[in-house]
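Engineer: Handing you this structure, nothing more for now.
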Amino acid sequence: MTDLPAIFPALDPTDYARHALHAGTRDWPETNCYLDVWIEVLPALGLPPEACLSYAVTQDFEGDQFTFFKVPLEDLERLYGLRVTELAIYDRVETHVVEQIGRGRLSLVEVDSFYLPDTQGTSYRKEHGKTTIAPNRIDLEGRCMDYFHGLGLHRLEGEDFEGVFHLNAAEGALPFLPYTEFVKFPDALPSRDEIVANAEGLLRLHLGRRPAKNPVRAFAEVFPGQVEAIAERDFGFFHLYAFNTLRQLGANFELFSSHLDWLAENGVTGIGASADEARKISSTCKIVQFQLARAVMRKNFDKLAPALIPAIDAWDAMTESLDTIVGKATSRAA
């Protein structure tokens, strides 16, 4: 496949090294499908993915889940000059993607994780689920594709290729029309100083857009009752609930801590304590997720809300500190 057009011709799944934001030592090595793609694609362009994570402070509790965090498209353009636009699908999906690859544009496609071999042990050939991939190289004749997903760059072929693009669909089946975006790269990438300056501005902007009330406290108030209600349901539903609550909350703020660390490494002073508080939210969620499993098995839910107190206090301390350091005046080391 190496002789075929690719967005990143030098990258190969056989020796690909994933980004540090996906390190196995983190609380949440995988975040969610859309952001995981960007965590790998941005470094392939030579750009720091840590810079685009300030939006994480806007995450709210939506009553039955925490906000599914996605980097705003306007942030990608302001920081890196990347323009992301919906791609109309009126022909075969893979035909559109190959056309865009030939034009040097990356596509992001929603597909069925059932056919993605990198989900071995979870979804692969077990259950169907919507997820986002970014094809780097496609061989239509050889039925093979290299794609960004999850923790890195992967390859699928044969029956998986046919399945992911619905080539084996029965006659008369509904057409495969997934939501698809494509990315236009700028003629010249911004400098690191430009990225840092814009990242500071975005942090101030998103800090002003954060929830008016502590979202972790709002979650804690209903958490035990929600868990008690799902305790009688299939255990698979428990995993879905945990993913959309504790996992989304914890992963979001672990990424936010990495954003604050990156700003500190690039000269923004006084935000180390806020990064530590964001990490505390992440680690608390990881601990509570284990407690959640035990509570469901034992049908004892009284300790769930108190277990979130460290994360509640951390959110208050983090935002108060950022209001002082960033909200009023951002200081950079000379």
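Please treat every number below as a calculation from the coordinates, not as lab data. Since the model is a prediction, treat every value here as computed from it, not as a measurement. Ideal geometry is used to build each Cβ from the backbone, glycine not excepted, and the neighbour counts take in all protein chains shown.
Engineer: Search the structure for amide H atoms under 5 Å from the amide H of Leu116, placed 1.01 Å from N in the peptide plane, and list their residues when 5 or more places away or on another chain.
Structural biologist: Arg125
Engineer: Cut-off 10 angstrom, C-alpha nodes, Gaussian network model of the chain. Which of Phe66, Phe219, Phe237 fluctuates the most?
Structural biologist: Of the options given, Phe237 has the highest mean-square fluctuation.
Engineer: When you have a sec, figure out the Kirkwood radius of region 13-184 from all distinct Cα pair distances and drop it here in Å to one decimal? Each step should come with its number before you reach the end.
Structural biologist: Working: mean 1/r = 0.0588 Å⁻¹.
Hydrodynamic radius (Kirkwood, Cα pairs) of region 13-184 is 17.0 Å.
Engineer: Quick one: Karplus J couplings for region 235-248, per residue in order, coefficients 6.51, -1.76, 1.60, θ = phi - 60°, nearest Hz, x for Gly and Pro?
Structural biologist: Along region 235-248, the couplings run 5, x, 5, 4, 5, 5, 5, 4, 4, 8, 10, 4, 5, 5 Hz.
Engineer: Would you mind getting the Kirkwood hydrodynamic radius of the chain from its Cα pairs, rounded to one decimal in Å? Walk me through the numbers on the way to the answer.
Structural biologist: Numbers: mean 1/r = 0.0470 Å⁻¹.
Over the chain, the inverse of the mean reciprocal pair distance is 21.3 Å.
Engineer: Can you give the helix-only mean residue ellipticity at 222 nm for the chain, where every DSSP H stretch with n ≥ 4 adds -39500 (n - 2.57) and the sum goes over all residues, rounded to the nearest 500 deg cm²/dmol?
Structural biologist: Mean residue ellipticity at 222 nm (helix-derived): -13000 deg cm²/dmol.
Engineer: Give me the net charge of Val222's neighbourhood, meaning all other residues with Cβ under 15 Å from the Cβ of Val222; Lys, Arg count +1, Asp, Glu -1.
Structural biologist: -4
Engineer: Still on this structure: What's the ranking of 177-187, 36-46 by average number of surrounding C-beta atoms within 10 Å, highest first?
Structural biologist: In decreasing order of mean packing, 177-187, 36-46 become 36-46, 177-187.
Engineer: Hey, what do the phi angles of region 122-129 turn into as Karplus ³J(HN,Hα) couplings, whole Hz, using 6.51/-1.76/1.60 and θ = phi - 60°, x for Gly and Pro?
Structural biologist: 3J(HN,Hα) across region 122-129, in whole Hz: 10, 8, 3, 6, 10, 8, 8, x.
Engineer: Given the options Tyr16, Tyr147, Tyr115, state which has the largest fluctuation in a GNM of the chain using a 10 Å cut-off (strictly under) for Cα springs.
Structural biologist: Most flexible of the set in this elastic network: Tyr16.
Engineer: Also, quick follow-up: Cα-based Rg of region 192-327 per 2.2 N^0.38 Å, rounded to two decimals? Spell out each step's value before the answer.
Structural biologist: Values: Rg = 16.8 Å, N = 136, 2.2 N^0.38 = 14.2 Å.
After normalising by residue count via 2.2 N^0.38 Å, the value is 1.18.
Engineer: Can you give the Rg to Rh ratio for region 19-117, taking only C-alpha atoms and Rh from Kirkwood?
Structural biologist: 0.98
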